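In what follows, a single structure is set out as structure tokens and then discussed.
Nothing in this text is a laboratory measurement; each read-out follows from the coordinates by a stated rule. Quick caveat, the model's predicted, so the values are computed rather than measured. Cβ atoms come from the backbone with ideal geometry, glycine included; neighbour counts cover every protein chain shown.
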Amino acid sequence: MNYQTTVSVEEETNNTELKKEIKVYDQKPTPAFIGASWSALLIGMVSYCIGLWNADMLLNEKGYYFTILLFGLFSVISVQKAVRDKLENIPVTEIYYSISWFTTVASIVLLVIGLWNADLLLSEKGFYGMSFLLSLFAAIAVQKNTRDVQYIDRNNLEDK
């Protein structure tokens, strides 16, 4: 027996229409946002590297912090890719998704441990932490913008 009322059928129809509307995505990121994302990435990375260049540290310490920066950037881009692939129904294995998150958290923890034990002024530690986080956030934004533009361009080609 079908006990649905007219109201519940209309509600289901409205929910289905809302879901379809949510999936429609045709707005490219603005050039200003793309430029701001790239600028933030470059400013974060360059300032971090200038800080390392001018730091009074041994070369192996500088190498550690530089490697953490590269590791963190790669990790957040990998997380963003995995999240976006899942959103676009591109298969992503759970192990890859989990490892991406693990490496992102590991890079941040390794930086915190390194700075905690470093013989640096508190202001220097804050500088490295903030420029590192700015770089990570900007890398995610740049990767997102790149994927958005590619997704929309690909859909526009398919529509033609």
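Scan region 53-155 for GluC sites (Glu not before Pro) in coil per DSSP, keeping those whose Cβ has at most 14 other Cβ atoms within 10 Å, and list them by number.
Working: sites: Glu61, Glu88, Glu94, Glu124; in loops: Glu88.
Of the GluC sites (Glu not before Pro), the ones in loops of region 53-155 whose Cβ has at most 14 other Cβ atoms within 10 Å are Glu88.
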**Report entry** Paramagnetic label zone (point 7 Å from Cα along Cα-to-C-beta, Leu110; backbone N under 14 Å) in region 48-82
**Finding:** 61-76
Query - Projected label distance in nm at Asn89 and Leu121, using a 7 Å step from Cα toward the beta-carbon - result: 5.7
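Of Lys86/Lys144; Lys81/Lys160; Lys62/Lys144, which pairs sit farther than 19 Å apart, going by alpha carbon to alpha carbon?
Values: Lys86/Lys144 13 Å; Lys81/Lys160 27 Å; Lys62/Lys144 30 Å.
Pairs exceeding 19 Å: Lys81/Lys160; Lys62/Lys144.
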